[in-house]
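To start, the structure itself, in structure tokens.
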Amino acid sequence: MKTDCMAWKTLVCLGVAWVMGANPALAQAISSRGTPVNAGKSALGVGGVIRLKQLTGIGPRSVLKSPDSSGNQRGDIREWVELGLQFDTEPEWLDEVVFNFFALLRSRETTKFTLLKGTVTYIDVARGRGRKGGAYIRPAALARFGDVMGVAVEAVIKGEVVGSLYEGKLGPGKPLPVDWWKKPELVPREGYVMDRSKTPFALINFDEYEALK
């Protein structure tokens, strides 16, 4: 219990204190209700570009088993976590949209936190609703770093972050702070979050997803 409390203080209490200094009303709302599911900022109402609508990646529904293959010599099937994203776009065409995906994992043994980051780039994105994208966490990350406690995504167009979306909490009454993936205490590890082309799911429902760069 003491170890868990220390881990909580390291990540969340400092974050909440930072939020309180910047916006006391917002801090009070977050501490009383927790971080809303799929909270974040959308650029569609501001710049008329993109709206991030839904982000998944927490819980058993986000866990996918590698498609079985007759060539599997190991005899076991590994589990991946899908960070699924739905978004709307307003311009007739977007030449390129970059998504930065983040996942916060907590060790089952030590309660240590690990932040993972991966970048996915889509090209020739046409105007539309319910566009699909996403990224995947490698099985080794789950075995090494623990369970997914929070997920976040940033949309980047022409080098500018134009929207973000996040969800997750550490338990009842323990919300993640606003923009938790930006905290200097968390140094992201790369190489564990990847696009579909580098996973066993590359050709599954291929036409439902935007074209990768």
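Going by the conditions given, is E167 closer than 30 Å to T111 by Cα, among the charged types (D, E, K, R) and exposed (fewer than 12 other Cβ atoms within 10 Å of the Cβ)? No: the conditions fail for E167. Taking the conditions (1) over 20 Å from R78 (Cβ atoms); (2) touching a residue at least 40 places away in the same chain (Cβ under 8 Å) in turn, A141 satisfies each one other than (1).
Is it true that some residue in the range 162-173 is over 23 Å from L64 (Cβ atoms), among the acidic types (D, E) and modelled with pLDDT under 95? No, the range 162-173 contains no residue that is over 23 Å from L64 (Cβ atoms), among the acidic types (D, E) and modelled with pLDDT under 95. Here A126, A140 are screened, and the one residue that is surrounded by fewer than 18 Cβ atoms within 10 Å (Cβ to Cβ), within 24 Å of L105 (Cβ to Cβ) and among the aliphatic types (A, V, I, L, M) is A140.
Just one of the listed residues (E154, E90) is more than 17 Å from S197 (Cα to Cα), over 17 Å from the mean Cα position of the chain (by Cα) and in contact (Cβ under 8 Å) with a residue 24 or more places away in the chain, and it is E90.
I'm checking my understanding of the structure. Among residues of the range 184-198 that are buried (at least 18 other Cβ atoms within 10 Å of the Cβ) and not hydrophobic (A, V, I, L, M, F, W, C), which one is farthest from the chain's Cα centre (by Cα)? Outline the logic, then answer.
Taking the range 184-198 first, the residues buried (at least 18 other Cβ atoms within 10 Å of the Cβ) are 186, 192-196.
Of the ones still in play, those that are also not hydrophobic (A, V, I, L, M, F, W, C) are 192, 195-196.
Numbers: Y192: 12, D195: 13, R196: 15 Å.
Result: R196.
Taking the options A25, A7, A39, A29, name whichever one is of a type in the set (G, A, S), within 28 Å of V162 (Cβ to Cβ), surrounded by fewer than 19 Cβ atoms within 10 Å (Cβ to Cβ) and at pLDDT 50 or above. Lay out the reasoning, then the answer.
Working: A25 fails: at pLDDT 50 or above; A7 fails: within 28 Å of V162 (Cβ to Cβ); A29 fails: at pLDDT 50 or above.
None of the other options fit; the residue is A39.
For P177, the conditions (1) over 18 Å from W93 (Cα atoms); (2) modelled with pLDDT under 95; (3) touching a strand residue (DSSP E or B) at 6+ places or on another chain (Cβ under 8 Å) all hold with the exception of (3).
The values are calculated or read from the model by the stated rules, or taken from the named source; none is laboratory data. Since we're looking at a predicted model, the values are computed, not measured. No Cβ is skipped: glycine too gets one built from the backbone with ideal geometry, and neighbour counts run over all protein chains shown.
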